[in-house]
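A.B. asks: Just dropping this structure here.
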Amino acid sequence: MPEVDTRPLDTARRLAESGDLDGAAVIFAELAADPDEPDRAQAAVGLAVVLQERGDVPGSRAAARTALATGHPEFAAQAACLLAGSFEREGMADQARAAWQAALGVGHPAYVPSAHMALARLATGAEEAERSLRDALATGDPEVAPRAAQRLAEALIEEGEPGEAARVLLEALSVPDAAEVPRLRVMLGIAHLELACAEFSGAIEEGGDVETGALAIELLARTLPLRGRGEDAERVWRYGLDSADADLAGEVRLRRSRDV
């Protein structure tokens with residue numbers, strides 16, 4: 001029975017999968033060199049992968065650039081990601097950033113979220129990182145958006161913006177089929193703890209009746225250790241116990257001594 005004709009691209013892919021990298025490279029290179037070849041972009045990506053596995057980094061990058069130059073909506077984006085990864089492995093941050101930007105420029109939705117995350121990782125400053133993380137979150141990707149939200153929320157909490165951190169986490173939780181939902185909820189709880197501490201502190205500063213003031217002191221002092229701030233909690237207790245208002249100091253003393 002005669003063999004069914006096989007496309008050269010399929011033959012090259014089969015050779016690569018079987019471990020014949022040299023044979024695959026020959027076919028991929030021939031296809032990638034022909035500007036009229038309809039599979040040129042895919043062949044150039046295949047050549048880039050094969051040459052990378054053979055350790056030919058310059059050749060792999062040249063092939064990836066060929067694929068990128070085709071502007072193919074999928075394979076040009078793949079090529080940009082290959083280039084970016086190659087540059088990152090050698091610590092070439094500027095070139096890696098440019099390659100990830102090229103991936104964004106192609107605009108294929110499968111690669112945009114990862115490109116934004118990579119640019120956040122390679123950012124040269126906090127504002128640049130935040131912008132990239134927000135862009136990654138905005139893609140609504142169920143895997144990437146939650147990771148972006150976590151990183152962004154951590155930074156916002158560190159900067160004293162728990163309210164914005166909570167908003168970011170809620171946005172991630174609204175993504176259909178979002179990954180890491182339990183982790184997002186834990187972080188949302190942390191943001192709410194920070195918000196609670198700010199409100200308790202504000203109530204203490206504004207004063208008020210004895211009962212309300214003592215309650216605010218107790219709640220703040222008992223919440224701070226949940227955020228690893230035991231020393232701050234002790235200072236809050238001491239503030240209440242040393243108050244010039246004897247009634248307030250007495251109420252705080254009772255609240256601290258009770259079993260909760």
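A.B. asks: Does residue 10 meet the test of being without any contact (Cβ under 8 Å) to a residue 40 or more places away in the chain, in contact with a Leu (Cβ under 8 Å, 6 or more places away or on another chain), acidic (Asp, Glu) and under 22 Å from residue 73 (Cβ atoms)?
C.D. replies: Taking the combined requirement at face value, the residue does not satisfy it.
A.B. asks: Which of the residues that make up the stretch 1-15 are open to solvent by less than 60 Å² (accessible area, probe 1.4 Å) and either at pLDDT 95 or above or charged (D, E, K, R) (or both)?
C.D. replies: Hit for the stretch 1-15 is 10, nothing else.
A.B. asks: Filter the stretch 25-53 down to the residues that are of a type outside the set (A, V, I, L, M) and open to solvent by less than 20 Å² (accessible area, probe 1.4 Å) and list them by number.
C.D. replies: Quick first cut of the stretch 25-53, residues of a type outside the set (A, V, I, L, M) only: 28, 30, 34-40, 42, 46, 52-53.
Across the stretch 25-53, the qualifying residues are 28, 46.
A.B. asks: Turning to a different aspect of this structure: Residue 108 is checked against (1) out of contact with any helix residue (DSSP H, G or I) (no Cβ under 8 Å at 6 or more places or on another chain); (2) outside any helix (DSSP H, G or I) and fails just one. What number does that condition carry?
C.D. replies: Every condition holds for residue 108 apart from (1).
A.B. asks: Scan the stretch 230-259 residue by residue and report those that are outside any helix (DSSP H, G or I) and within 19 Å of residue 203 (Cβ to Cβ). Spell out the reasoning first.
C.D. replies: Keep residues of the stretch 230-259 that are outside any helix (DSSP H, G or I), which gives 242-245, 258-259.
Within the stretch 230-259, 242, 243, 244, 245 meet the criteria.
A.B. asks: Is it fair to say residue 166 is open to solvent by 20 Å² or more (accessible area, probe 1.4 Å), modelled with pLDDT of 95 or more and out of contact with any Pro (no Cβ under 9 Å at 6 or more places or on another chain)?
C.D. replies: Details: open to solvent by 20 Å² or more (accessible area, probe 1.4 Å): no; modelled with pLDDT of 95 or more: yes; out of contact with any Pro (no Cβ under 9 Å at 6 or more places or on another chain): yes.
Taking the combined requirement at face value, the residue does not satisfy it.
A.B. asks: Tell me, yes or no, whether the stretch 16-24 has at least one residue that is crowded, with 21+ Cβ neighbours inside 10 Å, among the aliphatic types (A, V, I, L, M) and within 30 Å of the chain's Cα centre (by Cα).
C.D. replies: No.
A.B. asks: How many residues, within the stretch 199-223, are open to solvent by less than 60 Å² (accessible area, probe 1.4 Å), touching a helix residue (DSSP H, G or I) at 6+ places or on another chain (Cβ under 8 Å) and part of a helix (DSSP H, G or I)?
C.D. replies: Adding up the residues that qualify gives 13.
A.B. asks: Consider residue 160 against the criteria (1) over 26 Å from residue 216 (Cα atoms); (2) open to solvent by 20 Å² or more (accessible area, probe 1.4 Å): it satisfies all of them except one. Which criterion is unmet?
C.D. replies: (1)
A.B. asks: Working carefully through the options 255, 227, 238, find the one that is open to solvent by less than 80 Å² (accessible area, probe 1.4 Å) and more than 39 Å from the chain's Cα centre (by Cα).
C.D. replies: Exactly one of 255, 227, 238 is open to solvent by less than 80 Å² (accessible area, probe 1.4 Å) and more than 39 Å from the chain's Cα centre (by Cα), namely 255.
A.B. asks: Applying the selection to the stretch 171-205, what residues are among the polar types (S, T, N, Q) and closer than 21 Å to residue 229 by Cα?
C.D. replies: 201
A.B. asks: Can I ask one more? Within the stretch 123-146, is there a residue that is crowded, with 21+ Cβ neighbours inside 10 Å, farther than 16 Å from residue 183 by Cα, touching a residue at least 12 places away in the same chain (Cβ under 8 Å) and in contact with an Asp or Glu (Cβ under 7 Å, 6 or more places away or on another chain)?
C.D. replies: No: the stretch 123-146 contains no residue that is crowded, with 21+ Cβ neighbours inside 10 Å, farther than 16 Å from residue 183 by Cα, touching a residue at least 12 places away in the same chain (Cβ under 8 Å) and in contact with an Asp or Glu (Cβ under 7 Å, 6 or more places away or on another chain).
A.B. asks: Please tell me if residue 114 is open to solvent by 50 Å² or more (accessible area, probe 1.4 Å), of a type in the set (Ser, Thr, Tyr), free of Cβ contacts under 8 Å to residues at least 60 places away in the same chain and part of a helix (DSSP H, G or I). Before the answer, list the steps.
C.D. replies: Values: open to solvent by 50 Å² or more (accessible area, probe 1.4 Å): yes; of a type in the set (Ser, Thr, Tyr): yes; free of Cβ contacts under 8 Å to residues at least 60 places away in the same chain: yes; part of a helix (DSSP H, G or I): yes.
Yes, satisfied.
A.B. asks: Which is closer than 17 Å to residue 133 by Cβ, in contact with a His (Cβ under 7 Å, 6 or more places away or on another chain) and of a type outside the set (Lys, Arg), of 149, 166, 172, 155?
C.D. replies: Criteria check complete, one pass: 166.
A.B. asks: Run down 198, 179, 216 and say which single residue is in contact (Cβ under 8 Å) with a residue 12 or more places away in the chain and within 16 Å of the chain's Cα centre (by Cα).
C.D. replies: Every option except 179 fails the conditions.
The values are calculated or read from the model by the stated rules, or taken from the named source; none is laboratory data. Not measured: the values here are computed from a predicted model. Cβ atoms come from the backbone with ideal geometry, glycine included; neighbour counts cover every protein chain shown. Only protein heavy atoms, including side chains, enter the accessible area calculation; ligands, DNA and RNA are left aside. Shrake-Rupley method; radii C 1.70, N 1.55, O 1.52, S 1.80 Å.
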